[in-house]
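Before any comments, here is the structure.
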Amino acid sequence: MHHIDSNILSYAARHSQTQTSSAKPTTPSPAHPPSSTRPHAPPRKTTTSTTSSRKRAPHPHSPSPPLTYTHSYTSINNKLYELDGLQPAPILHGACTPTDFPHKIIPVLQRRIARYPETEIRFNLMACVRDLRIRAREIGDEDGLEQQEDKRARWLWENSLRRHNFVGFISELLKGVVKAKLEEGNGAYEKWVEEAKGRTKKQREDARKKGVASD
């Protein structure tokens, strides 16, 4: 049986935000597992949501890579719905207020995961949350607000790096260093290479001593 940490699920769900759903549900379908009831489409309203996904294994003879299969769970009109892109309508999992959502979603996710083999571990859980800076300002949490601002500054820097291709820069830098070592003469280049090999070997040995796998 799959073991899933309820504390992790509770934390993710507890931090879910209320947001307006823009989806247009469809007519209910009678074909569905007996553990859930498929209702008529709920009206658009404020929701609390969590999304889980897993990769579907391809056919043994198919060259295509695995597909990501996503389920969304949300509380609408005090009812817990599952939104499955491969089904024609939302799936009802019973009564659920936004306050109860962190607790009610856990057994639903556990049942979903239990449908797959015990060796299957390719699951992801993502909670849609409100900007944590808003909450920090509301309660006057200056430390929390500073942490969130620092985090977003790092995200901005990381995203700016992703927009650039540094392969050419690294290649030119490496060629420049090699050229400088070769111009030094007296075996400077060979010594530099051997020193690098020695440092790499030592790092691997240290990693093995700490029980960390390394290539």
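The values are calculated or read from the model by the stated rules, or taken from the named source; none is laboratory data. Computed from a predicted model, the values in this text were never measured in an experiment. Note that each Cβ is placed from the backbone with ideal geometry, even for glycine, and that neighbours are counted across all protein chains shown.
At a glance:
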read-out	value
Index of the failed condition, Thr119 passing every other in (1) buried (at least 17 other Cβ atoms within 10 Å of the Cβ); (2) not in a helix (DSSP H, G or I)	(1)
Residues of region 91-103 that turn out to be touching a Phe, Trp or Tyr at 6+ places or on another chain (Cβ under 9 Å) and touching a residue at least 24 places away in the same chain (Cβ under 8 Å), as a count	5
Every pair of residues 6+ apart whose Cβ atoms lie under 6 Å, when the first sits in region 78-90 and is farther than 16 Å from Asp100 by Cβ while the second is part of a strand (DSSP E or B) and at pLDDT 90 or above	Leu83/Ser72; Pro90/Tyr81; Pro90/Leu83
Residue within region 150-171 that is outside the structural domain of His103 (by TED's automatic domain parsing), of a type outside the set (Lys, Arg) and surrounded by 11 or more Cβ atoms within 10 Å (Cβ to Cβ) present	no
Filter result for the condition that a residue is closer than 27 Å to Ser75 by Cβ, among the acidic types (Asp, Glu) and at pLDDT 90 or above, over Glu142, Glu138, Glu146	Glu138
Given (1) surrounded by 13 or more Cβ atoms within 10 Å (Cβ to Cβ); (2) out of contact with any strand residue (DSSP E or B) (no Cβ under 8 Å at 6 or more places or on another chain), number of the condition Phe101 does not satisfy	(2)
Boolean, Glu120 is charged (D, E, K, R) and not assigned by TED's automatic domain parsing to the domain that holds Ser72	no
Selection count, region 125-155, where residues are of a type in the set (Asp, Glu) and not in a helix (DSSP H, G or I)	2
When residues of region 76-98 are limited to those that are part of a loop (DSSP other than H, G, I, E, B) and hydrophobic (A, V, I, L, M, F, W, C), the one surrounded by the fewest Cβ atoms within 10 Å (Cβ to Cβ)	Leu86
